[in-house]
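Engineer: Okay, here's the structure, questions in a sec.
The values are calculated or read from the model by the stated rules, or taken from the named source; none is laboratory data. Quantities reported herein were computed from a predicted structural model and do not represent experimental measurements. Using ideal geometry, Cβ is built from the backbone for each residue, glycine included, and neighbour counts are taken over all protein chains shown. Just so you know, the surface numbers come from the protein's heavy atoms only, side chains and all, with ligands and any DNA or RNA stripped out. Shrake-Rupley method; radii C 1.70, N 1.55, O 1.52, S 1.80 Å.
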Amino acid sequence: MSNFVAVDLGGLGIDPAFRETIFAHFRETAALMTSSTSTATPLEHAFYGRVADVKSPKSDINALILDYLTMEGYPKAAAKFSKEANLKPQQEDPTINSRQQIQHAIHTGDIETAITALNELDPEILDKDPQLHFSLLRLQLVELIRQCNGGDTNPALDFATKKLAPRAVMNTDFLKDLEKTMALLFFPHDNLQPELAALLHSDLRRNTAIKVNEAVLVRQTQRREAAIRNLVRMRAWAETSVRARKKGDLPDRIELGLNGDDSDYLEGVHENSHEPMITT
């Protein structure tokens, strides 16, 4: 019986055998590498030959891709992929277009539009999640500061005083975040300490958009992320476990193959102006 942790694939109907292929090569390597001689070429680690021997059902892979496109808010790509892969579309998600619009607004810095759209979709999301609400308001303040760099700071000061300060006095973490954000007003943006520069980096928009999307999904489907994210974490856990136990000979580094360089297979998926796959 497998000692690997089970993962909830969100009712996709995927054959359990497919899940095993995510880490089967690690178990095989651990059991066999010490008792057999590699037949791979000198330039290729024997591990990769075992990976090539693992055959994953195409239908399961397609189901994971469609689930990712749907859960992450790519309606056009999901529809196109369903047609090209001859798949029946997942149960219609009434929030997918709204989620796409909200994420796009966040990624382009239009936080006011994102908050308005989110409240129209489900006003209870922000009412019941003060942390998420504060994160959006702080991001809106960052965008105001970005716009007034070297110019009129009154819009940013007024916004911070009216929208953020009342929340910050009730929460010490909020207060620290607000003070850090306000520091952007006093230093040139081209020479900031890393802690402050991170506030102006696109990662803050991206991470906030992910949190908003997850919050909507939890309210609507009780599942906050695409199933493939769980599989990626499970695969990373399997590798870490094998290395920690020193039971097999693995390459020094094993690429996940889900970074931006591999985005061609999801060509046209950038409907929300962010990366095609986030694995961490």
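Engineer: Mind listing just one residue for me: the one in the stretch 144-172 that is loosely packed, with under 14 Cβ neighbours inside 10 Å, over 14 Å from LEU200 (Cβ atoms) and of a type in the set (S, T, N, Q) and, of those, farthest from the chain's Cα centre (by Cα)?
Structural biologist: Here the residue is ASN154.
For (1) at pLDDT 65 or above; (2) within 16 Å of the chain's Cα centre (by Cα); (3) open to solvent by less than 90 Å² (accessible area, probe 1.4 Å), each residue gets a yes or a no:
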residue	(1), (2), (3)
ARG233	yes, yes, no
GLU239	yes, no, yes
ASP252	yes, no, no
TYR265	no, no, no
GLY268	no, no, yes
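Engineer: Same structure again: From (1) under 26 Å from ASP122 (Cβ atoms); (2) at pLDDT 95 or above; (3) open to solvent by 50 Å² or more (accessible area, probe 1.4 Å), pick out the condition that doesn't hold for ARG219.
Structural biologist: (2)
Engineer: Mind checking whether some residue in the stretch 91-106 is at pLDDT 90 or above, under 14 Å from LEU217 (Cβ atoms), open to solvent by less than 20 Å² (accessible area, probe 1.4 Å) and out of contact with any Asp or Glu (no Cβ under 6 Å at 6 or more places or on another chain)?
Structural biologist: Within the stretch 91-106 (the criterion being at pLDDT 90 or above, under 14 Å from LEU217 (Cβ atoms), open to solvent by less than 20 Å² (accessible area, probe 1.4 Å) and out of contact with any Asp or Glu (no Cβ under 6 Å at 6 or more places or on another chain)), the answer is yes, since at least one residue qualifies.
Engineer: Hey, can you tell me all the residues within the stretch 173-189 that are more than 24 Å from PRO130 (Cβ to Cβ) and open to solvent by less than 90 Å² (accessible area, probe 1.4 Å)?
Structural biologist: LEU185, PRO188, HIS189
Engineer: Hey, another quick one. Can you pull out the residues in the stretch 171-209 that are among the acidic types (Asp, Glu) and over 17 Å from ALA160 (Cα atoms)?
Structural biologist: ASP190, GLU195, ASP203
Engineer: Also, quick follow-up: When only residues in the stretch 49-83 that are farther than 18 Å from LEU217 by Cα, assigned to a helix (DSSP H, G or I) and of a type in the set (Ser, Thr, Tyr) count, which is farthest from the chain's Cα centre (by Cα)?
Structural biologist: SER59
Engineer: Quick test for you: out of THR21, THR29, THR41, pick the one residue that is of a type in the set (Val, Ile, Thr), farther than 30 Å from VAL212 by Cβ, surrounded by fewer than 13 Cβ atoms within 10 Å (Cβ to Cβ) and modelled with pLDDT under 75.
Structural biologist: Result of the check over THR21, THR29, THR41: THR41.
Engineer: Considering only the stretch 109-143, state which residues are part of a helix (DSSP H, G or I), open to solvent by less than 40 Å² (accessible area, probe 1.4 Å) and over 21 Å from ASN171 (Cβ atoms).
Structural biologist: Passing the criteria: ALA114, ALA117, GLU143.
Engineer: Sticking with this structure for a sec: May I ask you to list the residues in the stretch 190-213 that are part of a loop (DSSP other than H, G, I, E, B) and either over 16 Å from LEU139 (Cβ atoms) or open to solvent by less than 40 Å² (accessible area, probe 1.4 Å) (or both)?
Structural biologist: Of everything in the stretch 190-213, those that are part of a loop (DSSP other than H, G, I, E, B) and either over 16 Å from LEU139 (Cβ atoms) or open to solvent by less than 40 Å² (accessible area, probe 1.4 Å) (or both) turn out to be ASP190, ASN191, LEU192, GLN193.
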